[in-house]
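Novice: Mind having a look at this structure? Questions to follow.
The values are calculated or read from the model by the stated rules, or taken from the named source; none is laboratory data. It should be emphasised that the depicted structure is a prediction, and the values quoted were computed from it without experimental measurement. Here the Cβ positions follow ideal geometry from the backbone for every residue, glycine too, while neighbour counts run over all protein chains shown. Please note that ligands, DNA and RNA were not included when accessible areas were found on the heavy atoms of the full protein model with its side chains. Shrake-Rupley method; radii C 1.70, N 1.55, O 1.52, S 1.80 Å.
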Amino acid sequence: SRTTLAGWARIVCTACDLVLIRHEEATGNVALMRSATGDNSLFVGEVVERPSNEWPLTTTGERRASELGDWIRSTIDLPSFHLVVSPSRRTYQTAQLVLPGQQWAINELIRGRHWGGIEQIPRMEWQNFCRRHGQDHLPEGFYEAFPGGENMCRVWQRGYVFTRSLPQS
């Protein structure tokens, strides 16, 4: 029916107005990437002492966020956007570098996956971490999670609730 198509078009247009920016490179993300190749040298300091939502950007991440901001300010009509950010440190840092001086609403629904602390150790130790916490294998698929962590189904559900909460134009 025409009503159904009109409603569908409204949802599609709203989705077209959604711009997603992932946080830039953070200290712990670099440590995790290097540990996949056997280099565990970056698992020191804040990477192991703080939860991943408190990891800061690297110098490279800061530079790239600033460059992205230059492009966004020259391309997008900012007054028409609602600016929303997850509560993680690296995400908020990225937002402040992309659009300095802008007001960002913090929204828990768009935070990253909670990993249960496994992200604070080198990848080669993940299997032992799972065993120590009563899980005989690394999680697989959409519905399994690391011990104390969150499965991808829950992450998807939060994202779905967030997108449904966006204003309809």
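Novice: When you go through (1) small (Gly, Ala, Ser); (2) open to solvent by less than 40 Å² (accessible area, probe 1.4 Å); (3) in contact with a strand residue (DSSP E or B) (Cβ under 6 Å, 6 or more places away or on another chain) one by one for Ser88, which number turns out not to apply?
Specialist: Exception for Ser88: condition (3).
Novice: Identify the single condition in (1) polar (S, T, N, Q); (2) surrounded by fewer than 14 Cβ atoms within 10 Å (Cβ to Cβ); (3) within 13 Å of the chain's Cα centre (by Cα) that Gln103 does not satisfy, given that it satisfies every other one.
Specialist: Among (1) polar (S, T, N, Q); (2) surrounded by fewer than 14 Cβ atoms within 10 Å (Cβ to Cβ); (3) within 13 Å of the chain's Cα centre (by Cα), Gln103 violates only (3).
Novice: Anything in segment 115-148 that is assigned to a loop (DSSP other than H, G, I, E, B), open to solvent by 80 Å² or more (accessible area, probe 1.4 Å) and within 20 Å of Ala36 (Cβ to Cβ)? List them, or say none.
Specialist: Hit for segment 115-148 is Glu140, nothing else.
Novice: I need a count of the residues in segment 149-169 that are open to solvent by 70 Å² or more (accessible area, probe 1.4 Å) and charged (D, E, K, R).
Specialist: Summing the residues that are open to solvent by 70 Å² or more (accessible area, probe 1.4 Å) and charged (D, E, K, R) in segment 149-169 gives 2.
Novice: Considering every residue within segment 55-65, establish whether at least one is within 21 Å of Glu150 (Cβ to Cβ) and either more than 13 Å from the chain's Cα centre (by Cα) or open to solvent by less than 60 Å² (accessible area, probe 1.4 Å) (or both).
Specialist: Taking every residue of segment 55-65 in turn, at least one turns out to be within 21 Å of Glu150 (Cβ to Cβ) and either more than 13 Å from the chain's Cα centre (by Cα) or open to solvent by less than 60 Å² (accessible area, probe 1.4 Å) (or both).
Novice: Pairs please, first residue from segment 59-86 and within 26 Å of Asn29 (Cβ to Cβ), second anywhere and of a type in the set (Lys, Arg) and in a helix (DSSP H, G or I), Cβ atoms under 7 Å, 6+ apart in sequence or on different chains.
Specialist: none
Novice: Another question, if that's okay. Can you pull out the residues in segment 149-158 that are under 9 Å from His114 (Cβ atoms) and part of a helix (DSSP H, G or I)?
Specialist: Residues satisfying the conditions are Arg154, Val155.
Novice: State whether one or more residues within segment 33-44 are at pLDDT below 95, farther than 26 Å from Pro87 by Cα and assigned to a helix (DSSP H, G or I).
Specialist: Scanning segment 33-44 turns up no residue that is at pLDDT below 95, farther than 26 Å from Pro87 by Cα and assigned to a helix (DSSP H, G or I).
Novice: Moving to a separate point now. Considering only residues that are of a type outside the set (A, V, I, L, M, F, W, C) and loosely packed, with under 12 Cβ neighbours inside 10 Å, which ones fall in segment 68-81?
Specialist: The answer is Asp70, Ser74, Thr75, Asp77, Pro79, Ser80.
Novice: Also: Within segment 34-54, count every residue that is surrounded by 14 or more Cβ atoms within 10 Å (Cβ to Cβ) and either small (Gly, Ala, Ser) or out of contact with any helix residue (DSSP H, G or I) (no Cβ under 7 Å at 6 or more places or on another chain) (or both).
Specialist: So the count comes out to 6.
Novice: Also, quick follow-up: Looking at Ile110, Ile11, can you tell me which residue is open to solvent by less than 80 Å² (accessible area, probe 1.4 Å), at pLDDT below 90 and not basic (Lys, Arg)?
Specialist: Selected residue: Ile11, the only one of Ile110, Ile11 that is open to solvent by less than 80 Å² (accessible area, probe 1.4 Å), at pLDDT below 90 and not basic (Lys, Arg).
Novice: Let me ask something additional. Among the residues of segment 65-81, write down those that are hydrophobic (A, V, I, L, M, F, W, C) and assigned to a loop (DSSP other than H, G, I, E, B).
Specialist: Ile76, Phe81
Novice: Provide a single number: the residues in segment 116-168 that are closer than 30 Å to Phe81 by Cα, more than 18 Å from the chain's Cα centre (by Cα) and basic (Lys, Arg).
Specialist: Residues in segment 116-168 being closer than 30 Å to Phe81 by Cα, more than 18 Å from the chain's Cα centre (by Cα) and basic (Lys, Arg): 1 in total.
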